[in-house]
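Colleague: Please see the structure below; I have some questions.
Just so it is clear, none of the values below were taken in a lab; they were calculated from the coordinates. Note that the structure is a prediction, hence the values are computed from the model and not measured. So basically every Cβ, Gly included, is an ideal-geometry build from the backbone, and we count neighbours across all protein chains shown.
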């Protein structure tokens, strides 16, 4: 029986890594797109043009937080792999991407596959 390289995911969790906190010291929500063993592939959701390490973020067409009234441009960070212990255990149910936006993110993330 052949095994997939990783398990595809489509969920939102909060990124609790101290290096990825916002200016107020709060965690960013993260879009989880894959899992391999104990590692999760994620894109942080932010309003900043650049990440803390200077990488440019990508504009997306919608705010995934359905409860937010924030009208600022929503962006995602480049994809990164991180241990699942550095994410919240519970999935966030207030967040959702449309199929169109998920396809945009998938295309964006392919640029980083090496």
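Colleague: Looking only at region 28-39, which residues are under 14 Å from residue 88 (Cα atoms) and outside any strand (DSSP E or B)?
Modeller: Across region 28-39, the qualifying residue is only 38.
Colleague: Scanning for something touching a strand residue (DSSP E or B) at 6+ places or on another chain (Cβ under 8 Å) and closer than 25 Å to residue 6 by Cα, does region 64-72 turn up at least one residue?
Modeller: Checked region 64-72: at least one residue is touching a strand residue (DSSP E or B) at 6+ places or on another chain (Cβ under 8 Å) and closer than 25 Å to residue 6 by Cα.
Colleague: OK, next. Regarding region 40-57, can at least one residue be identified that is assigned to a loop (DSSP other than H, G, I, E, B) and touching a strand residue (DSSP E or B) at 6+ places or on another chain (Cβ under 6 Å)?
Modeller: Yes, that holds for at least one residue.
Colleague: A further question on this structure: Which one of these is in a loop (DSSP other than H, G, I, E, B), surrounded by fewer than 19 Cβ atoms within 10 Å (Cβ to Cβ) and free of Cβ contacts under 8 Å to residues at least 24 places away in the same chain: 71, 91, 103?
Modeller: Sole residue among the options that is in a loop (DSSP other than H, G, I, E, B), surrounded by fewer than 19 Cβ atoms within 10 Å (Cβ to Cβ) and free of Cβ contacts under 8 Å to residues at least 24 places away in the same chain: 71.
Colleague: Quick one: which of 41, 24, 35 is in contact (Cβ under 8 Å) with a residue 40 or more places away in the chain and over 19 Å from residue 104 (Cβ atoms)? Working first, answer last.
Modeller: On the way: 41 fails: over 19 Å from residue 104 (Cβ atoms); 24 fails: in contact (Cβ under 8 Å) with a residue 40 or more places away in the chain.
Of 41, 24, 35, the one residue that is in contact (Cβ under 8 Å) with a residue 40 or more places away in the chain and over 19 Å from residue 104 (Cβ atoms) is 35.
Colleague: Would you confirm, using the coordinates I've provided, whether residue 64 is surrounded by 14 or more Cβ atoms within 10 Å (Cβ to Cβ), within 16 Å of residue 21 (Cα to Cα) and within 12 Å of the chain's Cα centre (by Cα)?
Modeller: Considered against the rule, which asks whether it is surrounded by 14 or more Cβ atoms within 10 Å (Cβ to Cβ), within 16 Å of residue 21 (Cα to Cα) and within 12 Å of the chain's Cα centre (by Cα), residue 64 comes out as no.
Colleague: Just the residues that are surrounded by 13 or more Cβ atoms within 10 Å (Cβ to Cβ) and in contact with a helix residue (DSSP H, G or I) (Cβ under 8 Å, 6 or more places away or on another chain), please, taken from region 3-29. Don't jump to the end; show me each part of the working.
Modeller: Going residue by residue through region 3-29, those that are surrounded by 13 or more Cβ atoms within 10 Å (Cβ to Cβ) are 6, 9, 11-17, 20-22, 27-29.
The answer is 15, 16, 17, 27, 28.
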